[in-house]
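The block underneath contains the structure these notes are about, expressed in structure tokens.
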Amino acid sequence: MTDLVVQRKEGLYCPAGDFYIDPWRPVDRAVITHAHGDHSRRGNTHYLAAAPAEGVLRTRLGEIDLQTLPYGEVVDHFGVRLSFHPAGHVLGSAQVRLEHEGQVWVASGDYYVAGSNADAGEDNPTCAPFEPVRCHCFITESTFGLPIYRWQPQARLFAEIDDWWRANAEDGRASLIIGYAFGKAQRILMGVDRSIGPIVVHGAIEPLNRAYRAAGIDIPETPIATEIQDKSLFRRALVVAPPSAQGSTWTRRFGDYSDAFASGWMQLRGARRRRSVDRGFVLSDHADWPGLQRAIAATGAERVIVTHGYEAVMVRWLTDQGLEASAFATEYGDDDDELPGALGAAVAASERAAELVAESVSDAEAAGIVVPPEDAPVDDAGA
Ligand SMILES: [Zn+2]
Ligand SMILES: [Zn+2]
């Protein structure tokens, strides 16, 4: 039995169907899981994506030859039956299910599932929630595939953001919250209490908001900060901006302000300091560690291939569970919500990686998960 998906220099390739999934080099036929820049690159001849991704894909990539398919609908391509299933990550994000000669493979792209038990209250409200798909082989992401990553309930997180915003507004200070323009910004806009004060956005976010609204997602109407004449309005405002705006001259218009960064990376000790912001809010569009485990188990797959993230830790854990596990080296994770700039570089650095594994090992031990000792730099384990 040949593999339905293999790794090539252009990206993940389906030999039977002669197409690529999220290729990082230009190809003839690209099946796209979602519109984040590292998964949907320019230069491919033909694009195929889930129907709800159309607006955001066109917003980001402009004129492309795009064919779309509603979730769950099947196309037959050279005998490979292909369908998209919601991944819960961003608007239009999809897992790709492939069926050929009795074999079913699912490539997850990026996905969001939080906690060890299903809870509709923890779904990402800006898109269709993750849907488990039974398969023989599951190609999973592992962006936050370490036991330290456990997201708190969304209601609690947004209460923290609201409290920070309310306190700033009462002091007459703007609240600048930094989050990625596609996905994170809309989570913030949808999750906060709109009664606290005005909400304004950076110009890079508004085109994506429009695509979300056009898809029927309840994103509030938000003026763009540069269009506001009456600057006194900023004193009670929540300002949502992408990381590129942080520390730029664009922020001067707000006068005195408090800033915060919203990202899964904020769970790391030191991440907030590295971003040099007043507050860090742990808000992610990726599965946390229990979510990854639950999502993988729900596929019933006996074989799992791990992509971008902590492949080694995840492969080891899966092998310990009696699964056949390996990794694909990909070029994902250098954009958008995954690795925020300098922090990403720091995470990639071996020193930081060692620290992460050490943190994860003590967490894993507390949770009763056995992480093999060779992954743990012993001197740092108690830090
Ligand atoms: Zn993504
Ligand atoms: Zn990704």
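The values are calculated or read from the model by the stated rules, or taken from the named source; none is laboratory data. These numbers were taken from a predicted model, which means no experiment stands behind them. No Cβ is skipped: glycine too gets one built from the backbone with ideal geometry, and neighbour counts run over all protein chains shown. We work out accessible area using only protein heavy atoms, side chains counted, and drop any ligands, DNA or RNA first. Shrake-Rupley method; radii C 1.70, N 1.55, O 1.52, S 1.80 Å.
Is there any pair with a first residue in region 279-294 that is without any contact (Cβ under 8 Å) to a residue 40 or more places away in the chain and a second that is open to solvent by 10 Å² or more (accessible area, probe 1.4 Å) whose Cβ atoms are under 7 Å apart and which are 6 or more apart or on different chains, and what are they? Note: pairs meeting the criteria are GLY280/MET266; GLY280/ARG272.
Report yes if some residue within region 153-171 is β-branched (Val, Ile, Thr) and either free of Cβ contacts under 8 Å to residues at least 12 places away in the same chain or more than 26 Å from ALA50 (Cα to Cα) (or both); otherwise report no.
Restricting attention to region 153-171, the residues satisfying the condition of being β-branched (Val, Ile, Thr) are 161.
Cutting the leftovers down to either free of Cβ contacts under 8 Å to residues at least 12 places away in the same chain or more than 26 Å from ALA50 (Cα to Cα) (or both) gives us 161.
Within region 153-171, one or more residues are β-branched (Val, Ile, Thr) and either free of Cβ contacts under 8 Å to residues at least 12 places away in the same chain or more than 26 Å from ALA50 (Cα to Cα) (or both).
Somewhere in region 124-131, is a residue more than 30 Å from ASP3 (Cα to Cα), out of contact with any strand residue (DSSP E or B) (no Cβ under 7 Å at 6 or more places or on another chain), open to solvent by 10 Å² or more (accessible area, probe 1.4 Å) and more than 16 Å from ligand 2 (Cβ to nearest atom)? Scanning region 124-131, I find at least one residue that is more than 30 Å from ASP3 (Cα to Cα), out of contact with any strand residue (DSSP E or B) (no Cβ under 7 Å at 6 or more places or on another chain), open to solvent by 10 Å² or more (accessible area, probe 1.4 Å) and more than 16 Å from ligand 2 (Cβ to nearest atom), so the answer is yes. Once region 141-179 is narrowed to residues that are of a type outside the set (D, E, K, R) and more than 22 Å from the chain's Cα centre (by Cα), the residue that is most open to solvent (accessible area, probe 1.4 Å) is ALA167.
With a requirement of 3 or more residues that are under 22 Å from ARG187 (Cα atoms), none of the strands (runs of 3 or more DSSP E) lying completely within region 1-108 satisfies it.
As for region 67-90, it holds no residue that is among the polar types (S, T, N, Q) and under 21 Å from THR330 (Cα atoms). Among the residues making up region 187-215, those that are in a loop (DSSP other than H, G, I, E, B), within 16 Å of SER258 (Cα to Cα) and open to solvent by less than 30 Å² (accessible area, probe 1.4 Å) are ILE196, GLY197.
Within region 247-265, can you find the residues that are under 30 Å from PRO147 (Cα atoms) and modelled with pLDDT of 90 or more? Within region 247-265, ASP259, ALA260, PHE261, ALA262, SER263, GLY264 qualify. The number of residues in region 71-111 that are among the aromatic types (Phe, Trp, Tyr), closer than 19 Å to ALA35 by Cα and open to solvent by 50 Å² or more (accessible area, probe 1.4 Å) comes to 1.
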